[in-house]
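One structure is given here, and the rest of the page talks about it.
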Amino acid sequence: MGSTASETFERLSEYTVWRVLDESARRLPDKIAVVDGDRRFTYAEIREQSEDLARALASLGLGKGSIAAVYLPNSVEQIVVFYALQKLGAAIAWVNPNYRESELRFILANSGASSLFLFEEWGGFDGLSAAVGLDGIPDLQHIVVAKPRDGFTSTDSRVLTLPEVIERGATAGGPGMDDAAPGATSKYEVSPDDLAMLIYTSGTTAQPKGAMIRQSQVVRAGFAYSLGVDATEDDVFIGFLPMSHSYGCGALLVQPFILGATLALLDRFSPEASLALIEREKVTVQYAAPAHYIMQLGYPGRGDFDISSLRAGMTAGQLAPAGLITRVEQEMGVYISSFLGSSEVGPGLSIILPYGTALDVRERAIGYVIPGTEARIVSPGTGEELPHGEPGELVLSGWHVTQGYWRNPEETQNQIRDGWLHTGDLASRDEEGCFSILGRLKDCVNRGGFKVIPSEIESLLMEYPGIAEVCVVGTPNPVLGESVCACVVVAEDANDLTLQNIRDHLQGKLAAFKHPDELLVLPELPRMPGGVKVNRYSAGGVVELATASTEKQTVTRVTKNSRKD
């Protein structure tokens with residue numbers, strides 16, 4: 001990473017989020033900061049709109065110590081709301097725009113948000129009606145519709161539109177902002193150590209938890225992404241990852257504004273729309289999940305678009321299937337690598353490969369710790385640090401680790417012990433300090449006392465012709481405890497796939513006890529809201545589908561004698 005990166009991280013430790021936008025707007029006032037459909041906004045315009053909104057929101061009582069829930073899709077409105085709230089020192093409780101009533105209710109109740117920002121409708125869901133209809137949320141005082149339709153009205157006294165809020169603030173002559181010096185935060189005295197946001201975990205196996213993230217942590221986390229793609233102010237980023245999610249927030253809502261780059265938005269992903277935007281805006285950097293790259297690679301009309309401007313990107317959200325990084329480089333001409341992030345180190349990452357890393361390393365590893373942080377591989381049972389090359393739990397320490405979980409001291413103590421965040425990730429480290437992720441500890445299948453790591457099987461199955469995606473899970477087995485079930489998505493032109501085919505394919509490559517006992521062919525893998533992570537455990541997830549399916553191909557006989565089979 002070098003001393004330059006270390007010095008930058010140290011300098012950014014004194015920054016607030018508002019200072020990021022303020023400095024870039026002063027330096028590059030006329031540069032296009034955001035492209036949202038046919039709308040284009042300069043840095044000066046984004047700064048002015050954010051400051052006007054901050055002044056108006058202050059007149060509603062929002063400020064340091066307030067919690068505001070933001071339930072918006074990728075849009076210029078989301079960006080302006082974000083920076084306005086950060087200028088005031090109000091902490092944001094992020095709500096994924098793909099969430100529905102029960103998830104919205106939980107985050108509003110848990111965070112104690114006094115304000116909610118949303119679109120009236122998005123993605124075919126009437127979010128406003130859902131929000132207004134929630135009962136038992138006594139802290140919620142204002143529901144702000146960020147992009148109202150013409151003639152919009154509401155009978156609920158809590159509902160305001162963004163234009164109404166701004167008009168009321170102007171009429172009230174809200175508190176002034178201190179612009180005496182470049183980089184000044186405001187008279188609200190927002191500090192780098194103040195709470196900036198709550199990033200909620202996806203809650204795949206339990207209730208979501210709100211990771212508390214500080215102002216300077218947001219800034220340094222955003223900058224960290226640039227190390228993986230060598231990003232500068234000359235880059236144009238495509239923004240289809242949900243910016244309410246840890247990955248999208250740091251990489252898209254913060255990083256471009258630190259650099260003074262341009263962000264071209266998509267509120268929802270499709271291969272065609274993304275390729276068209278890359279061509280139109282000459283996008284240079286794309287952050288995505290493996291599924292996005294897979295869909296782009298498989299899109300029949302990809303050759304109709306000129307994407308030669310696209311030079312680099314990264315992928316996260318799930319383990320990159322074996323060979324994907326190579327395919328993207330060879331077929332799309334784009335340099336990409338994996339990294340490791342989570343809500344607990346949000347909105348950034350913990351481990352990354354520096355730009356220019358060799359392809360063979362990018363296929364097997366996620367990289368090195370970022371400056372000012374530490375990582376270890378420990379025994380899940382004893383907590384003792386393990387030798388190089390031996391798999392164990394990844395634990396992290398440093399400025400990037402959350403302060404804890406909002407209103408959840410028990411889980412905070414459970415996950416952060418003696419200053420080390422226990423990630424639940426199964427990983428290994430080589431002698432050079434380069435880390436590889438093998439999966440999640442909970443993903444391991446216990447087949448007759450043998451521990452089977454799904455990612456090891458998945459990488460080999462991705463080599464089988466006709467398999468487009470694969471997810472290996474454990475299903476109940478009365479004799480062995482768990483069976484190894486391979487759930488696959490096959491290409492349209494693939495021939496019939498059988499369990500025996502894939503077992504033959506693995507012969508001699510893996511120990512026999514790791515060979516799948518079951519095969520389930522699915523039209524697609526279920527995903528968590530937002531379409532980034534594969535849903536393994538939640539309702540409707542891979543484990544539930546695999547356990548309940550009567551369509552599985554299954555090894556005909558499993559007895560006690562097959563424990564080592």
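Derivation of every value follows stated rules applied to the coordinates shown; laboratory data play no part. This is a predicted model, so every value here is computed, not measured. In this analysis, Cβ positions are derived from the backbone assuming ideal geometry, glycine residues included, and neighbour counts consider all displayed protein chains.
Taking a quarter of the surface of the Cα convex hull of the chain, what do you get in nm²? Provide the component values of the computation, followed by the final result.
Working: hull surface 106.2 nm².
The number I arrive at for the chain is 26.5 nm².
Would you mind getting me the FRET efficiency between residue 524 and residue 279? Use the beta-carbon distance for r and R0 = 30 Å, nearest 0.05. Mind dumping the intermediate values first?
Details: r = 27 Å, r/R0 = 0.89.
The computed FRET efficiency comes out at 0.65.
Excluding residue 170 itself, what net charge comes from residues whose Cβ is under 14 Å from its Cβ, given Lys and Arg +1 and Asp and Glu -1?
-3
Which ³J(HN,Hα) values in Hz, rounded to whole numbers, follow from the phi angles of region 210-225 under the Karplus curve 6.51 cos²θ - 1.76 cosθ + 1.60, where θ = phi - 60° and Gly and Pro get x?
x, 6, 8, 10, 7, 4, 5, 5, 4, 5, 5, 5, x, 5, 4, 4
Name the residues whose placed amide hydrogens come within less than 5 Å of the amide hydrogen of residue 122, ignoring near sequence neighbours (fewer than 5 apart) on the same chain.
For residue 122, the qualifying residues are 127.
With θ set to phi - 60°, apply the Karplus curve 6.51 cos²θ - 1.76 cosθ + 1.60 along region 270-280 and write out the HN-Hα couplings as whole Hz, x wherever there is a Gly or Pro.
Couplings: 8, x, 5, 5, 5, 5, 5, 5, 4, 5, 5 Hz.
Would you grab the residues whose amide H sits under 5 Å from the one on residue 482? Only those 5+ places off in sequence or on another chain, please, with H modelled 1.01 Å from N.
Here the answer is 448, 477, since their amide H atoms fall under 5 Å of that of residue 482.
When Lys and Arg each count +1 and Asp and Glu each count -1, what net charge do the other residues less than 13 Å away from residue 462, Cβ to Cβ, add up to?
-3
Work out, step by step, the length gained on full extension between residue 302 and residue 7: first 0.36 nm times the residue separation, then minus their alpha carbon distance; give nm to one decimal.
Stretched fully, the residue 302-residue 7 segment lengthens by 102.1 nm.
So what's the Cα pair-distance distribution over region 304-368, bin width 5 Å, in %?
Per 5 Å bin, starting at zero, the Cα-Cα P(r) for region 304-368 comes out as 4, 17, 28, 22, 15, 10, 4, 1, 0 percent.
What nm value, rounded to one decimal, do you get for the distance between residue 42 and residue 431 when each label is placed 7 Å out toward the C-beta?
In this crude spin-label approximation the distance works out to 5.8 nm.
Please report, to two decimal places, log10 I(q)/I(0) for region 17-190 at q = 0.16, 0.18 Å⁻¹ as given by the Debye formula with identical point scatterers on the Cα atoms and no solvent.
These q points yield log10 I(q)/I(0) values of -0.96, -1.19.
Using only the alpha-carbon atoms of region 395-507, report the extent along each of the three principal axes, biggest first, to the nearest angstrom.
52, 38, 30
Quick one: net charge of residue 118's neighbours, Cβ under 15 Å, K/R +1, D/E -1? Could you put the intermediate results ahead of the total?
Working: positive: 100, 105, 147, 149, 158; negative: 77, 101, 103, 120, 121, 126, 156, 164, 267.
Residues close to residue 118 contribute a combined charge of -4.
Using a ≥ b ≥ c from the Cα gyration tensor of region 478-562 (square roots of the eigenvalues), is it rounded, prolate or oblate, where a/c under 1.5 gives rounded and otherwise the larger of a/b and b/c decides, a/b for prolate?
oblate
Report ³J(HN,Hα) in whole Hz for each residue of region 97-109, in order, from the Karplus equation J = 6.51 cos²θ - 1.76 cosθ + 1.60 where θ = phi - 60°; Gly and Pro get x.
Listing the rounded values in order: x, 7, 5, 10, 4, 5, 5, 4, 4, 4, 5, 4, 5 Hz.
Viscosity 0.692 mPa s, temperature 37 °C: what is the translational diffusion coefficient of region 374-441 from Stokes-Einstein with a Kirkwood Rh over Cα pairs, rounded to a whole number of µm²/s?
So the translational diffusion coefficient is about 265 µm²/s.
Contact order normalised by length for the chain, with contacts defined as Cα pairs under 8 Å and 6 or more residues apart; what percent is it?
11
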